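Only one structure is covered here, and it is reproduced in the block below.
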Ligand code: HEM
């Protein structure tokens, strides 16, 4: 499918694009002037590259070119075109092959996130079957138990009057949640000491990002201390994954009916691998266990951290969310899915946080064949950089776009959802989005229902800075709480 900039519905206010007269090459596009050999590399900072691209998209328009060392990029920032490209998968576009190469080089196996073609189709069916709302509904009691453990951790911190390392605690919460749902394992990092798997996941994720974005594979020639730490953490994560798989195998041996009726994603994958189903073997199982850990931990934890920071800075919105939670769910133990789903304002707060602070502010895809995008000729293997946060923070599409105004998501938000796409779009849209929103609502219900947020601070006391380590993190948030009297 060739993709063209289609006029948006008038409500969204996109200026209509005229039919292309003549196809342009990528070289003819505007873009920042680069240097010989290195191109635009000296002008970007890898930890803030999303902001560099967003800035350039305001300067050069929705379609421009960038060169990072030997790699030429076509950058697309128009939500209509981005949406169409993301929908044209897996046949027209794939994820960037760089991610897959680096992952394999680090000893990993592609899971759903980096699988392609038929292997992706097969794995996607299995993952979706394990992430249905029905499965997640059945998991609610366990998720409530994980949330209570976070509450207990925060209660102790509140009583001791100490600062809470917000992201670290939220990552413990999200790892415990995903391990319970997808692997049937109680890892309980919320009640463990310091050497938890999250620490290693963090190091592996940022190492993976650093290598994917590196213009040269320097680590093949010299190993820096960071590379040696990366190898150690990689080995620790792999060991944990082997542990999850072995535990599931033991359960299935003890109860062979689990082959017919697997209770979670890991059991379903092992049953398929044992049955010799096309496209799934033991390596895919391990690949998907690590994919779920990586994809489910950082994203949800950082979204929660951004949401808490934004709410703390907007006392009116915080007050309204507190009121809603305290009226609708006075007690975590009494929480049902129906009650969670009725928390419309909290839901709107999450959507607004993800509009302003999407943890995936860009997506990299690669053309699988010669194609055209708008009026641009795009050869096969071209890397296309999709800027996910340009139109979603533009006054042409959202009134007072820079402001945190959750109420804009109440009522019919269909048009807004086509512009802000925090979970991506099309056939590869995030399969964990329903779980992520549930985790977010449970954690927020617990926080707002039981505590007063006294402070959410950054290291320098200013705005929370954005830094890319695979996902977009707020730098160093810490929080202080006071318990609410019963
Ligand atoms: C707020 C939390 C989350 C956000 C913002 C988020 C965002 C995303 C985005 C932007 C993508 C790429 C979609 C695309 O290419 O169109 C994605 C893919 C994916 N996400 Fe999430 N995610 C979140 C939570 C989760 C959770 C909790 C899980 C796992 C349980 C998960 C598992 C995945 C997987 C496996 C993929 C790859 C899907 C595929 O390629 O078919 N995500 N996510």
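Taking each residue as 0.36 nm, the span from residue 454 to residue 132 lengthens on full extension beyond its C-alpha to C-alpha distance by 112.2 nm.
Pop the C-beta distance of residue 231 and residue 186 into the FRET formula with R0 = 30 Å and round what comes out to the nearest 0.05. Working from the Cβ atoms, E equals 0.60. Across q = 0.06, 0.13 Å⁻¹, the chain modelled as identical point scatterers on its alpha-carbon atoms has Debye log10 I(q)/I(0) values of -0.27, -1.36, in the order of the q list.
Extension gain residue 24-residue 159, at 0.36 nm per residue separation less the Cα-Cα distance, in nm? Don't skip to the answer; put the middle values down first.
Details: separation 135, 0.36 × 135 = 48.60 nm, distance 6.39 nm.
This chain segment gains 42.2 nm when fully extended.
Site pair residue 253 and residue 199 shows an inter-label distance of 3.2 nm when each label is modelled 7 Å from Cα along Cα→Cβ. When peptides 135-141, 455-461, 471-477, 118-124 are ranked by their average number of other Cβ atoms within 10 Å per residue, the highest-first order is 471-477, 118-124, 135-141, 455-461.
Under the 0.36 nm per residue contour assumption, what length would be gained going from the current alpha-carbon distance of residue 33 and residue 214 to full extension?
Working: separation 181, 0.36 × 181 = 65.16 nm, distance 2.01 nm.
Gain on stretching residue 33 to residue 214: 63.1 nm.
Can you put 430, 349 in order, fewest other beta carbons within 10 Å first? Intermediate values should be presented prior to the final figure.
On the way: 430 19, 349 27.
Ordered by Cβ neighbours within 10 Å, fewest first: 430, 349.
Considering only beta bridges that DSSP places wholly inside the chain, some 85 percent are antiparallel.
If neighbour count is taken as other Cβ atoms inside 10 Å, put 389, 65, 72, 369 in order from fewest to most.
Details: 389 26, 65 23, 72 16, 369 11.
Ordered by Cβ neighbours within 10 Å, fewest first: 369, 72, 65, 389.
Model label points for residue 400 and residue 105, set 7 angstrom from Cα along the Cα-to-Cβ axis, are 4.9 nm apart.
Each Cα pair under 8 Å and six or more residues apart adds its sequence gap; the mean of these over the residue count of the stretch 292-375 is a relative contact order of 38 percent. When only alpha carbons are used to place a centre, the stretch 390-440 and the stretch 175-208 end up 28 Å from one another. Rounded to the nearest Å, what's the spacing between the alpha carbon centres of the stretch 78-105 and the stretch 288-307? Just the number, please. Value for the Cα centre distance between the two parts: 20 Å. Distance between the modelled labels on residue 140 and residue 239, one decimal in nanometres: 3.9 nm (7 Å Cα→Cβ projection).
Look at 340, 162 and count the other Cβ atoms within 10 Å of each Cβ; fewest to most, that gives 162, 340.
Bear in mind these aren't lab numbers, they're just calculated from the coordinates by the rules spelled out. Note that the structure is predicted; figures quoted are calculated from it, not measured. All Cβ positions, even for glycine, are placed from backbone atoms using ideal geometry, and neighbour counts span all protein chains on display.
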